[in-house]
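Accompanying notes for the structure given below.
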Amino acid sequence: MFNQLMNLVKQYSGDAVINNPAVPNEQNDAVMSTASGSIMDTLKGIMSGGGAASVLNLFSQNTNEDVTNHPVTQNVSSNLVTTLMNKFGFDSDKASGIASSVIPMVMSKLVSKTNNSNDNSFDLQGIFNSLSDNKTGGMDISGLVSKFGGNALDTNHDGKLNLADLTAAFNGNNSQTNEQNPQQGGAGIMDTLKGLFSK
């Protein structure tokens, strides 16, 4: 996934990095690689910290929806600012300028490409498998989004997506899930969800 993400960052980092006089040319590749790594590390951190529902919600957005203010995007941007300051010695304004130009665009394109059936550069299952170190390998992530996508996952209507919502969603469709794939139904999938959606 990193290589595809790096290509996406390169594609949308022209003005923010390559054509930015504040970034020395010899540092262009390193800055773009750092941005790609920051996206991966932040998403992995959110997943491992019990925030898989937030990542799932991000990828449930409409392809044309602006994800700039999504909490996951904000988290990625914030982490990149800190990393750029620590790694390259950029001041906060320079680092913030790069992050605010690169991250919202890249995250938006990542969501759009992932949800575009005609674009095979990213797929939701592959992304989740990569971010979770294959812990989601036994789950149909795309099916989960298509069945419950977006805020429909918020089954208890508390404005948050968490294990309680996923539990309710799967309990409500448990028999159908088991019929389709007994390996993924019942306790098995709930054990996986507990590890992903709870701290």
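Computed from the coordinates by the stated procedures, all read-outs in this text should not be read as laboratory data. Source: prediction; values computed, not measured. Every residue, glycine as well, gets a Cβ built from its backbone with ideal geometry; the counts of neighbours run over all protein chains shown.
Considering all C-alpha pairs of region 55-119, those separated by over 14 Å amount to 56%.
Working from the Cα coordinates of region 2-130, the gyration tensor eigenvalues give, after taking √(5λ), semi-axes of 24, 16, 13 Å in decreasing order. When all alpha carbon pairs of region 1-70 are counted in 10 Å bins from zero, the resulting P(r) reads 18, 39, 32, 10 %.
Listed cross-link partners K109/K135; K10/K135; K44/K87 are compared with a 23 Å cut-off, the Cα-Cα value being larger for K109/K135; K10/K135. Express in nm, to one decimal, how much length is gained between Q11 and K87 on full extension, taking 0.36 nm for each residue of separation and deducting their alpha carbon distance. Between Q11 and K87, full extension yields 25.1 nm more. Less than 15 Å Cβ to Cβ from A30, Lys/Arg counted +1 and Asp/Glu -1: what total charge do the surrounding residues give? That sum, taken over residues with Cβ under 15 Å, equals +1.
Of the peptides 103-114, 67-78, the ranking by mean beta-carbon count within 10 Å, highest at the top, reads 103-114, 67-78.
Over all other residues within a Cβ to Cβ distance under 13 Å of D123, the charged ones net out to -1, with Lys and Arg as +1 and Asp and Glu as -1.
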